[in-house]
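Worksheet for the structure shown next.
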Amino acid sequence: MFRFAAPARRRSPSLTPMIDVVFLLLVFFMLASRFGTDMHIPLRMAGQGASAPYSGPPRLVDVTPDTLRVNGVPMEDTRALAEVERLTSNPQDTIILRAQDGTDIQAIVRAMQLLSGAGFTNLVLIE
């Protein structure tokens, strides 16, 4: 007669290696991630704070989804920056930014970074 061996007792897998791997992944992602890298752009809204009266030529930069317009004339970024520099006597002169319909916040931030990078410090955002 043919006999089978007694069935071996099933072992449950050890969870210790899996827990170790999960903790290693947790530590890796905690060390690899960056927290608190928010960017700060100084900005005044029109009508807030006491400032000197506006003087000099108009310096209105319209931000559209595709391009910048300086005093109503569409221009590429470098030409718009050169035109704003021509219209100002010093970097503290007021430059007015106005977002046109359909413009997302990223386009406004890009225009502000362009002007701030050139040294302009008095940017005013209007509706």
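The values are calculated or read from the model by the stated rules, or taken from the named source; none is laboratory data. These numbers were taken from a predicted model, which means no experiment stands behind them. Every residue, glycine as well, gets a Cβ built from its backbone with ideal geometry; the counts of neighbours run over all protein chains shown. Heads up: the accessible areas ignore ligands, DNA and RNA and are worked out on the full protein's heavy atoms, side chains in. Shrake-Rupley method; radii C 1.70, N 1.55, O 1.52, S 1.80 Å.
Can you tell me which residue among GLY102, GLY36, GLY49 is modelled with pLDDT of 85 or more, loosely packed, with under 11 Cβ neighbours inside 10 Å and small (Gly, Ala, Ser)?
On inspection, the qualifying residue turns out to be GLY102.
Tallying residues that are under 18 Å from the mean Cα position of the chain (by Cα) and more than 16 Å from PRO58 (Cβ to Cβ) within the range 78-101 yields 1.
Quick check, is ARG59 open to solvent by 60 Å² or more (accessible area, probe 1.4 Å) and either modelled with pLDDT of 80 or more or aromatic (Phe, Trp, Tyr) (or both)? Can you show your working first?
On the way: open to solvent by 60 Å² or more (accessible area, probe 1.4 Å): no; either modelled with pLDDT of 80 or more or aromatic (Phe, Trp, Tyr) (or both): yes.
Answer is no for this residue.
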